[in-house]
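Below you'll find the structure, written out as structure tokens, and then a few comments.
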Amino acid sequence: MSVLLRDVELDGQVTHIYIEDNRITEIGKAREADVVVEGKGKIALPGLVNLHTHSPMVLLRGFGDDLALQQWLESRIWPQEAKLTPDDIYWGAKLACLEMIKTGTTTFLDMYFHMDQVARAAKEMGLRAFLAEGIIDLGVPSRADAQFKAADEANRKIEALRSPRIRPVLGPHTLYTVSEASLRRCREIADKKGYLLHTHLSETKREVDDSIAQHGLRPAAYLDKLGFLAKDVIVAHGCWLDPTEIDILARTGTKVAHCPTSNMKLAAGQAMPYAAMKESGVVMGLGTDGAASNNNLDLFEAMKTAAILQKFAHRDPTVLPASEAFQLATLGGAQALGIDAGLIQPERLAGLVLVDPRRPEPTPRHHHPRHWGDAAPRHRRGTLVCGGPGGTKGRPGEGEAGVLGQAGPGPRRLVTREA
Ligand SMILES: [Zn+2]
């Protein structure tokens with residue numbers, strides 16, 4: 001399958017981008033292709049990488065806003081999640097993919113359950129996905145066995161799809177919902193199977209205080225003691241990391257997904273120490289977190305939020321410039337996942353978004369589009385191209401009405417359905 005993006009603006013020049021299967025193979029020459037996408041008047045940008053989300057949580061978008069984290073989880077989220085069926089997850093993931101396509105995301109790292117359903121949805125919608133079946137054992141050995149069995153089954157089903165765009169990941173939820181034995185077991189499986197590991201780390205002060213009380217160590221130091229942290233680990237949040245923990249992440253090569261909107265919405269109380277982490281050379285990307293703790297999956301919005309949150313938190317407007325926020329959402333995320341995407345260059349994995357600058361918000365264009373990380377984010381609607389065998393898309397929102405029809409009324413039924 002080949003795609004030609006014709007007459008598109010790239011780095012200030014009008015050119016052509018040729019994609020064969022899942023790679024950009026040539027820039028500059030107009031060639032015959034199976035699909036030709038008209039890029040006239042549009043700007044090509046690398047597709048965005050959402051480095052932390054729980055895609056089916058779009059079903060619970062706006063359900064239980066403005067509550068304290070524990071109350072939100074216990075009274076609103078967990079009771080509803082207990083009722084979710086595989087079919088709900090499938091349609092939730094379809095809706096999430098549709099939203100990501102429309103806001104420029106081509107790749108996402110996801111943690112939830114029934115992830116084989118998310119895999120099906122992502123494959124059909126043409127996105128690149130790294131999928132972790134969430135493991136929560138609450139320290140109960142029998143529960144741990146059931147969770148590892150479910151993760152193994154989900155990963156086998158994901159691998160059976162044989163899509164190079166969809167990869168299984170191992171997802172122990174947090175160090176306070178997963179036992180030491182299970183965290184060690186995750187590390188062993190990851191070493192054996194070559195899976196990435198994804199977990200939440202240092203989101204709240206309570207997590208840090210509890211870790212010190214229980215293990216005598218701060219969260220990152222505890223995970224390091226277990227031998228869990230390494231360059232194949234991506235942790236989400238990192239709001240309460242201290243300098244010793246930043247050193248641990250840098251030394252082990254652990255990657256971090258900054259989720260500024262979720263942290264602010266759930267009042268994490270402290271911003272991820274971005275400047276110190278950058279100084280230490282920690283690889284970072286951007287995530288939205290689940291829609292229920294953000295209310296959308298819009299990475300352009302996350303870029304702006306990250307930039308202004310970090311400036312505010314550091315009391316320094318030079319911290320996290322817009323171009324750096326854009327880099328986090330593209331190359332940073334790609335590097336964290338170990339894929340050679342995030343830049344539009346020959347031989348790179350295809351993942352592009354075409355945006356139409358003929359809108360009020362990006363006018364006038366003082367800056368290169370890479371600086372749009374802090375511009376008002378409503379101008380990115382456009383065509384998304386995420387290459388891959390059987391998954392090259394020329395248009396956004398294929399089957400949009402069907403997805404909205406299925407995933408719209410479902411959640412209303414869900415919240416009234418008996419468990
Ligand atoms: Zn999360």
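Need the list of aspartates and glutamates near LYS42 for cross-linking: C-alpha distance under 16 angstrom, and skip anything on the same chain fewer than eight residues off.
Candidates past the 8-residue exclusion: ASP7, GLU9, ASP11, ASP356, GLU361.
By a straight-distance test (C-alpha under 17 Å), which lysines pair with LYS40 as possible cross-link partners, with residues fewer than eight away in the same chain excluded?
LYS29
State, to one decimal in nm², a quarter of the convex hull surface area for the C-alpha atoms of the chain, i.e. the direction-averaged projected area.
Its average projected convex-hull area is 19.3 nm².
Where does the chain land at 222 nm, in deg cm²/dmol rounded to the nearest 500, when only DSSP H runs of n ≥ 4 count, each adding -39500 (n - 2.57), divided by all residues?
Using -39500 (n - 2.57) per qualifying helix, the result is -10500 deg cm²/dmol.
Would you mind checking the tilt of helix 141-160 against the longest principal axis of the Cα atoms of the chain, expressed as 0 to 90 degrees and rounded to 10?
Helix 141-160 and the main axis of the chain meet at about 20 degrees.
What does the extension gain come out to for GLN345 and ARG358, with contour length at 0.36 nm per residue minus their alpha carbon separation?
2.2 nm
I'd like the FRET efficiency for ALA275 and ARG184, computed as 1/(1 + (r/R0)^6) with the beta carbon distance as r and R0 of 25 Å, rounded to 0.05.
Approximately 0.15, to the nearest 0.05.
Here are some pairs, LYS123/LYS225; LYS102/LYS265; LYS94/LYS265; LYS83/LYS255; LYS123/LYS192; which of them have Cα atoms lying more than 31 Å apart in this structure?
LYS123/LYS225; LYS83/LYS255
So what is the relative contact order of segment 48-337, in percent, for Cα pairs below 8 Å that sit 6 or more residues apart?
Value for segment 48-337: 20 percent.
Compute for segment 197-287: radius of gyration divided by Kirkwood radius, i.e. Rg/Rh, restricted to C-alpha atoms, rounded to two decimals.
Using Cα coordinates only, the ratio equals 0.93.
Using the Cβ atoms and a cut-off under 14 Å, what net charge is assigned to the surroundings of ALA271, where Lys and Arg are +1 and Asp and Glu are -1?
+2
Tilt of helix 180-193 relative to the longest C-alpha principal axis of the chain, in degrees (0 to 90, nearest 10)?
40
Would you mind checking the tilt of helix 115-125 against the longest principal axis of the Cα atoms of the chain, expressed as 0 to 90 degrees and rounded to 10?
10
To the nearest 20 Debye, how big is the dipole of the chain about its Cα centre, given +1 on the beta carbon of each Lys and Arg and -1 on that of each Asp and Glu?
600
How far apart, in nanometres, would the label points at LEU226 and THR85 be if each is projected 7 angstrom from Cα along the Cα-to-Cβ direction?
The modelled label-to-label distance comes out at 3.5 nm.
Can you tell me, using C-alpha contacts under 8 Å and at least 6 residues apart, the relative contact order of segment 74-212 as a whole percent?
Normalised by residue count, the contact order of segment 74-212 is 20 percent.
By per-residue mean of other Cβ atoms within 10 Å, what is the highest-first order of 161-168, 308-315?
161-168, 308-315
Which order, highest average first, do 132-140, 83-91, 316-324 follow once you tally other Cβ atoms within 10 Å for each residue and take the mean per peptide?
132-140, 83-91, 316-324
Quick check: Cα centre of segment 334-366 to Cα centre of segment 88-120, how many Å?
One Cα centre to the other: 20 Å.
Straight-line reach from LYS193: which lysines have a Cα under 17 Å away, not including same-chain ones fewer than 8 places off?
Within the straight-line cut-off, LYS193 pairs with LYS149, LYS157, LYS231.
Could you calculate the contour length gain from ASN296 to LYS29, that is, 0.36 nm times the residue separation minus the distance between their Cα atoms, to one decimal place in nm?
92.3 nm
Sorted by packing (mean other beta-carbon atoms within 10 Å per residue), highest first, where do 150-159, 217-226, 184-193 land?
217-226, 150-159, 184-193
Any read-out appearing in this document is the output of simple, stated calculations on the displayed coordinates, not a laboratory observation. Being a predicted model, the structure only gives us computed values, none of them experimental. Cβ atoms come from the backbone with ideal geometry, glycine included; neighbour counts cover every protein chain shown.
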